[in-house]
Structures are given as C-alpha cells and as structure tokens.
Amino acid sequence: MAEDRFDAIIVGGGLAGIAAAYRLAQEGLEVLVVERGNTCGSKNMTGGRLYTHTLEKLIPDLLQRAPLERRIVKERFSLLTPSSGTTIEVDSAKLGGLYANSYSVLRAPFDRWLADEAEAAGVMFVCGVLVDDLIIRDGRVCGIIAGEEEMEADVVILAEGVNAQLAQKAGLREELQPDQVEVGAKEVLSLDQAVLEDRFHLAPGEGIAWIIRGEDAFGPGANGFLYTNKDTISLGVVTEIGKIPSAQHSMVELVDLLKEHPVVAPLIAGSKTVEYSAHLLPCGQGAILPRLCGDGVLLAGDAAGLAINLGYVVRGMDLAVESGLLCAETVLKCHETGDFSRDALSSYETAIQNSFIPRDMERCGSYAAQLGNKALYDDPAKLIDVLTAVMQG
Amino acid sequence: MNILVCYKIVPDEQDIVVKPDQTLSFDRAELKIGQYDLNAVEAGVQLVEAAGGAVTALTVGGAEVDNSKMKKSILSRGPGSNLAVKDDSLAGADSATTAKALAAAVKKAGEWDLILCGEGSSDLYSQQVGVQLGELLGVPTLNGVSAITPGDGCVTVERTLEDEVETLEVRLPAVLSVTADINVTRVPSMKEILGAGKKPSTILGSGDVELPAGRAVETTSLLAPAQAQRKCVLVEGDSDDKIAEFCRAIRTELQ
Ligand SMILES: Cc1cc2nc3c(=O)[nH]c(=O)nc-3n(C[C@H](O)[C@H](O)[C@H](O)COP(=O)(O)OP(=O)(O)OC[C@H]3O[C@@H](n4cnc5c(N)ncnc54)[C@H](O)[C@@H]3O)c2cc1C
C-alpha cells in the first residue's frame with residue numbers, strides 16, 4: 001500500500017463506520033476510518049438500547065466481551081398528562097427473534113471498545129480530523145480531503161451520521177430541511193447500583209426500557225425515554241426542531257421539565273447528572289434514500305436515512321451496523337473485480353432492500369399509527385402486541 | 001540540536017466527576033497529554049525545523065505511559081521518537097519524584113542539548129518539575145520562557161515579565177520551561193497520525209533506570225471546593241428602579 005492510498009476509506013467512526021471497517025479488515029483489506037471526534041464514541045449519542053443481533057454476526061462472543069450495561073428484560077410505556085400519568089409494563093420476552101437480545105449501552109465506552117477491537121483486526125484510525133470534502137474526478141469519488149491533505153481509496157464509505165454533508169457533496173442527498181429532523185437531548189444520571197436495582201426491581205445485570213409519551217405534558221410535542229445502565233440512568237427527550245424556539249437552551253429546559261414530572265421525579269431522586277448531550281435525529285419512521293451509492297462511494301447508517309424514530313422509540317444502531325456490514329460485503333465483491341462503479345456497487349442497494357431494515361422501518365410506522373386507535377384499548381392482548389412491536393422500534 | 005521534551009499523561013479534566021462527598025471520580029476520565037506540555041513539544045519541533053536536529057518525547061509515570069493511543073498522540077505532534085519510564089511507584093508521583101525519575105531517564109536518552117518542559121502539569125500544576133530537573137542535572141535552568149531562538153551552542157530566550165521583556169542568552173545544555181503562549185500548538189494531520197504508529201517508542205522500567213525511593217510529599221486529601229448555595233434572586237430589566245433594587249440586594253447580602 002502506498003502511504004496515502006487505501007482499499008477503502010470510511011468517514012465517521014460511529015457504529016456504521018466501525019462495523020464496515022472491521023469487516024473489511026477481517027478480510028485483509030487496508031482500511032482507514034477518519035473520525036472527527038478525539039476518540040470514537042466522543043461525538044456519538046444514543047438513547048440507549050442496542051439490539052445486538054447485527055453486531056453478533058461480526059463478533060460472535062459480543063455478549064461476553066462488550067461493555068454492555070444491562071440486558072433489557074422489562075418494557076414500560078407511560079402516557080403522561082402534565083400532573084400525572086399511567087404506565088403499562090410488558091415483559092421483554094414478548095420480543096423474540098432478532099429482538100431477543102437487547103442491552104442498554106453508553107456510546108463513549110461502547111464505541112471506543114468496538115474501535116479498539118477493529119484496530120486490533122487491522123483497521124487504521126485517524127481521530128480528531130474532520131473530513132471537509134471529497135476528491136471527485138469525472139463524477140467518481142476517489143478519496144477524501146481534510147484541510148490541506150488528500151487521501152485516496154478505491155471506495156469511500158460515508159458513515160457520517162444524520163447531518164450527512166459529504167453525502168450531499170457526492171450528490172446522493174439533499175440538504176436536510178428543518179422538518180426532516182428532530183432533536184434529542186439526554187442526561188446520564190448516576191445512582192448507586194443497589195438503589196437503582198431496588199427502585200426498578202431489577203436483578204443485577206437486568207435493565208429496563210421505559211418509553212414516555214409526553215405529547216404536551218412536559219413540553220410542546222416532547223416525548224421521553226429512560227434506560228437503566230449499570231450505575232447510571234439515561235433520561236432524555238425528543239422533540240421537533242420547529243417546536244423549540246432557541247434550540248440549545250430550551251432543550252436543557254425540556255429535560256429539566258421531564259425530570260420534575262411527578263411520574264419521573266421519584267425514579268431519579270438522589271441521582272446526579274454526570275453527562276449531558278444533544279443530537280439530531282431523522283424524523284418519523286425515516287425513509288431510505290433513493291440512492292445509497294454512486295461511483296466510488298457508499299452510504300451507511302444514519303447518513304443513509306436508516307433509522308426509525310417514533311418520537312418515543314428511536315432505533316438506528318442495529319440498522320447502522322447492518323448497513324455497515326452490507327457495505328463491506330459489497331466492497332469485498334468489488335475488490336475482487338476492481339470495479340467500483342455505481343453499477344457494481346449497486347448490489348449494496350439490493351442487499352439493503354432484502355434485509356430486515358426496510359421491513360422494520362415500515363412495520364414500525366404502522367404499529368405506531370395503531371396506538372391512536374381507541375378500540376385497541378378494549379382488547380388487552382392486541383394492545384400488548386402493538387405495544388411490544390412499538391417498543392422494539 | 002537534540003531536544004528532549006517532557007510530557008505528562010493526565011486524566012481529561014472534562015471527564016472528572018465531583019462526587020457528593022467532594023471527592024473526585026476519575027472513573028470516566030479519558031487520558032490526554034497535558035495541554036501545557038503540548039506547547040513544549042511544539043517549541044521543540046519548531047526549533048529543529050529551524051536549526052535541524054531531533055526531538056525525543058520523554059515521560060515517566062504508571063501504566064498510562066504505555067497506552068498506545070497516548071504514544072500515537074505524542075508522536076503525531078512531531079517528535080521522532082518516544083521514551084517512557086513506567087513503574088507503579090511513578091503513578092500520581094509528586095514533583096520531586098517526577099523530576100528525579102526524569103533525571104534518571106535523561107541518562108538513557110543519549111546526547112542532548114536542550115530539555116523543554118511545559119509551564120506546569122495540567123492536573124497538579126505545581127510548576128516545579130522543570131526547575132527541579134535542571135537543578136538535578138546541574139545545567140542552566142529557566143522558567144517562564146516565552147520565545148526561543150537557536151544560536152551557536154546557545155539559545156536566546158525571552159521571558160515576559162510584569163512590564164518588561166527580559167532577553168537572555170543561555171548556554172547549552174539547558175532546561176527551559178515554556179509558557180502556554182509561546183506558540184499555538186498544531187493539530188496533527190492525517191498523515192502525521194498515520195505516521196506516528198511507525199515511529200520508535202521505548203518503554204523502560206525499574207530494571208533499566210535508577211528510580212527514586214520514597215516520596216517527598218504525601219497527599220492526605222483531594223477534594224473539590226464546597227459548592228456555595230446560590231440565593232437565586234433574579235432582577236430582570238435595566239431601568240433605574242431595577243438597578244437600584246439590584247444594588248440594594250447586594251448591599252443587604254454584604255451587611
Ligand atoms: C436522542 C436519540 C436517541 C436514540 N435512541 C436510540 C436507541 O435507543 N436505540 C437505537 O438503536 N438507536 C437510537 N438512536 C439512533 C442511533 O443513535 C443512530 O441511529 C446511530 O447512532 C447511527 O449510527 P451511525 O454510525 O450511522 O452515526 P453516528 O453514530 O452519528 O456516527 C457518525 C460519526 O461520523 C463522524 N463524522 C461526521 N461527519 C464527519 C466528517 N466530516 N469527518 C469525520 N467524521 C465525521 C461523527 O463524529 C460521528 O462519530 C437514538 C438517537 C438519538 C439522537
């Protein structure tokens with residue numbers, strides 16, 4: 001390999017990017033991940049629930065080795081009014097199949113661990129560098145530009161997350177419009193492990209996923225989520241950008257309002273905020289972009305619009321991993337022929353279409369719609385089915 | 001000119017959590033290179049860029065000095081090689097112990113003309129290690145250095161004092177501690193980061209260098225300052241009335 005030429009360059013060291021790079025390095029390709037954060041995981045945010053099925057394909061003993069917080073065994077769903085609320089609990093065993101294994105995670109330790117695994121498999125990481133632009137010759141993506149530097153590769157995988165600027169430069173995405181994104185804010189609250197397990201009736205290692213449908217109970221159009229970690233709680237809100245007048249400031253207030261709500265306050269009593277973060281996320285059930293590749297370039301994860309957001313349930317991590325892995329499979333095939341044209345890479349689009357991703361994205365939207373159906377509440381069995389389907393996002 | 005730059009690996013202050021009993025938790029803290037040390041590294045790299053020679057990065061400490069990310073991080077900033085002394089007794093060491101360990105390590109660093117330190121470590125900030133190291137090595141030693149120009153067998157340095165700039169010619173070998181405003185540190189480029197992994201790094205232990213026995217200083221407690229209770233009195237507006245109300249409130253409190 002020449003100093004500045006790689007088989008593949010991946011922009012973005014989130015789950016999609018690391019998964020793609022890891023898989024390629026396993027097969028001996030020279031791959032470079034460029035991440036703007038100082039470490040992988042430092043710029044990444046999530047609510048907290050990872051369905052592990054896709055990562056388990058990459059790392060079969062993931063559940064034994066990864067820094068997972070708690071295995072989710074209980075699902076709770078609360079509907080709030082400004083002064084009270086009602087809560088339904090469902091046993092997570094209801095979710096079977098692909099969704100049998102899910103864990104609460106914190107991205108900073110989790111992504112860093114995954115990146116270390118990938119590095120050990122041969123992936124090269126450059127952190128603390130922002131990719132500004134792509135090298136495009138005759139419509140073909142040939143590499144990346146960061147500051148004064150250029151780096152070339154047979155193929156570039158854009159795994160740059162929801163605000164995918166480079167995907168726009170590659171002509172694969174339009175600029176994000178305010179009505180296409182929502183914003184989420186989250187606090188990580190520390191709580192003594194024994195107190196936490198007692199309060200949520202959890203055995204060691206067990207966790208809860210708690211979805212809070214707020215509507216206007218604690219902020220205009222805001223919904224919330226709560227996930228238990230080892231000795232912390234992830235508590236956050238999601239709302240439409242248009243509904244918050246001055247983004248940063250009032251997101252903090254929204255989280256505060258949720259923390260003060262009578263249903264939530266006792267759950268977090270005595271805890272201390274140890275982390276605050278905010279992040280954009282795609283709206284609604286999301287839509288897979290019409291094109292996921294061009295000449296010399298592929299999109300993965302949030303950058304490709306592969307996420308489900310029902311407002312209270314957000315799910316994108318396992319989709320990000322799956323798309324990263326499918327990118328890698330396509331690149332491996334193209335690596336054999338040396339053809340990285342859009343035509344050759346389009347087997348990735350087919351693979352995505354044949355995966356669980358579009359199926360789940362569609363199904364979730366339809367279940368969420370059923371929650372508004374009053375008749376549902378006369379039929380507990382059906383209600384539980386719909387709720388479990390919704391919880392799984 | 002052969003230059004040794006000293007650096008310390010410290011917990012990232014933004015990840016340090018103050019616990020309810022005012023003690024500090026470093027559990028979530030990532031490691032980083034002390035930010036003032038980065039100025040020393042940059043100064044060293046600029047000197048060899050101007051006058052030729054080589055820069056070696058030098059650190060002493062506990063297990064953290066063997067962290068591959070830290071090695072890559074220091075080497076991506078320009079030094080050609082890295083030399084570290086690792087021993088459990090050096091984890092969280094005081095200034096005197098650190099200076100003695102560095103003096104021992106310097107003996108293993110080959111020929112050198114100049115040793116550069118930052119103005120203080122990012123965590124303890126005692127501003128002692130540079131001057132103590134110079135004393136132990138018996139060479140000219142200055143701190144508060146805000147500019148260095150290479151000369152023949154010497155360097156010309158500036159020290160920015162209260163209301164004057166002192167210019168001094170210092171014979172080499174010497175130990176200098178540089179200020180945080182001596183330069184703007186560089187952000188490593190992709191190629192520098194990729195190249196860092198290929199540069200040599202040597203880790204020595206107690207078998208290779210003579211480490212100081214015992215410590216001069218013992219830490220008896222480390223606490224965050226107590227949080228003051230805020231009164232949460234808000235006076236909004238800028239009318240004369242409001243300003244008077246604001247002043248009244250402050251006066252009452254001060255009485
Ligand atoms: C509030 C909230 C709650 C959520 N809850 C859940 C949940 O419970 N479960 C779930 O499965 N999903 C959840 N999601 C969604 C999930 O977090 C995302 O779908 C997932 O993180 C997408 O992964 P990714 O790798 O595509 O992107 P990201 O994790 O966003 O990674 C993109 C990376 O690219 C880097 N980057 C971007 N541009 C550049 C550039 N130009 N140069 C260099 N680096 C660059 C970024 O720094 C970042 O590290 C939630 C999201 C939010 C916001």
Q. What is the residue count in segment A:206-227 for residues that are assigned to a strand (DSSP E or B) and touching a helix residue (DSSP H, G or I) at 6+ places or on another chain (Cβ under 6 Å)?
A. 1
Q: Specify which of the listed residues (A:L172, A:L226) is surrounded by 23 or more Cβ atoms within 10 Å (Cβ to Cβ) and more than 14 Å from chain B (Cβ to nearest Cβ).
A: A:L226
Q: Could you check, for segment A:106-121, whether at least one of its residues is assigned to a strand (DSSP E or B) and either within 29 Å of A:R65 (Cα to Cα) or more than 14 Å from the ligand (Cβ to nearest atom) (or both)?
A: no
Q) Are there any pairs with C-beta distances below 8 angstrom linking a residue in segment B:13-33 that is within 10 Å of another protein chain (Cβ to nearest Cβ) to a residue that is in a loop (DSSP other than H, G, I, E, B) and of a type in the set (A, V, I, L, M), with the two at least 6 apart or on different chains, and if so which? A) B:D15/B:A29; B:V18/B:A224; B:S25/B:I16
Q: Filter segment A:124-145 for residues that are open to solvent by less than 10 Å² (accessible area, probe 1.4 Å) and within 14 Å of another protein chain (Cβ to nearest Cβ) and give the result.
A: A:V126, A:G143, A:I144
Q: Could you please tell me which pairs satisfy a Cβ distance under 6 Å, a separation of 6+ or placement on different chains, a first residue in segment B:102-131 that is closer than 21 Å to B:V45 by Cα, and a second residue that is basic (K, R)?
A: B:S121/B:K8
Q) Can you tell me which residue in segment B:187-200 is farthest from the other protein chains (Cβ to nearest Cβ), limited to those that are open to solvent by less than 60 Å² (accessible area, probe 1.4 Å) and within 28 Å of B:A147 (Cα to Cα)? A) B:A196
Q: Evaluate the following for B:D152: is it out of contact with any strand residue (DSSP E or B) (no Cβ under 9 Å at 6 or more places or on another chain), open to solvent by 50 Å² or more (accessible area, probe 1.4 Å) and either in a helix (DSSP H, G or I) or not hydroxyl-bearing (S, T, Y) (or both)?
A: yes
(Q) List the helices (runs of 4 or more DSSP H) inside segment A:1-82, counting only whole elements, that have at least 1 residues being away from chain B (no Cβ under 12 Å), touching a Leu at 6+ places or on another chain (Cβ under 7 Å) and surrounded by 24 or more Cβ atoms within 10 Å (Cβ to Cβ). (A) A:15-26, A:53-58
Q: From the list A:L267, A:L258, pick out the single residue that is within 16 Å of the ligand (Cβ to nearest atom), out of contact with any Leu (no Cβ under 6 Å at 6 or more places or on another chain), in a helix (DSSP H, G or I) and away from chain B (no Cβ under 14 Å).
A: A:L258
Q: For segment A:83-94, name all the residues that are open to solvent by 20 Å² or more (accessible area, probe 1.4 Å), among the small types (G, A, S) and in a helix (DSSP H, G or I).
A: A:A93
Q: Determine whether A:I18 is touching a residue at least 60 places away in the same chain (Cβ under 8 Å), near the ligand (Cβ under 10 Å from one of its atoms) and β-branched (V, I, T).
A: yes
Q: Look at B:V184 and say whether it is open to solvent by 40 Å² or more (accessible area, probe 1.4 Å), closer than 21 Å to B:G80 by Cα and not in a helix (DSSP H, G or I).
A: yes
(Q) Looking only at segment A:175-189, how many residues end up being at pLDDT 95 or above and open to solvent by 70 Å² or more (accessible area, probe 1.4 Å)? (A) 0
Q: Quick one: which residue in A:A203, A:A167 is modelled with pLDDT of 95 or more, part of a loop (DSSP other than H, G, I, E, B) and not charged (D, E, K, R)?
A: A:A203
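The values are calculated or read from the model by the stated rules, or taken from the named source; none is laboratory data. Everything numeric in this text was worked out from a predicted model, so none of it was measured. Here Cβ is always computed from backbone atoms with ideal geometry, including for glycine, and neighbour counts include all displayed protein chains. Surface accessibility is based on the protein's heavy atoms, side chains included, excluding ligands, DNA and RNA. Shrake-Rupley method; radii C 1.70, N 1.55, O 1.52, S 1.80 Å.
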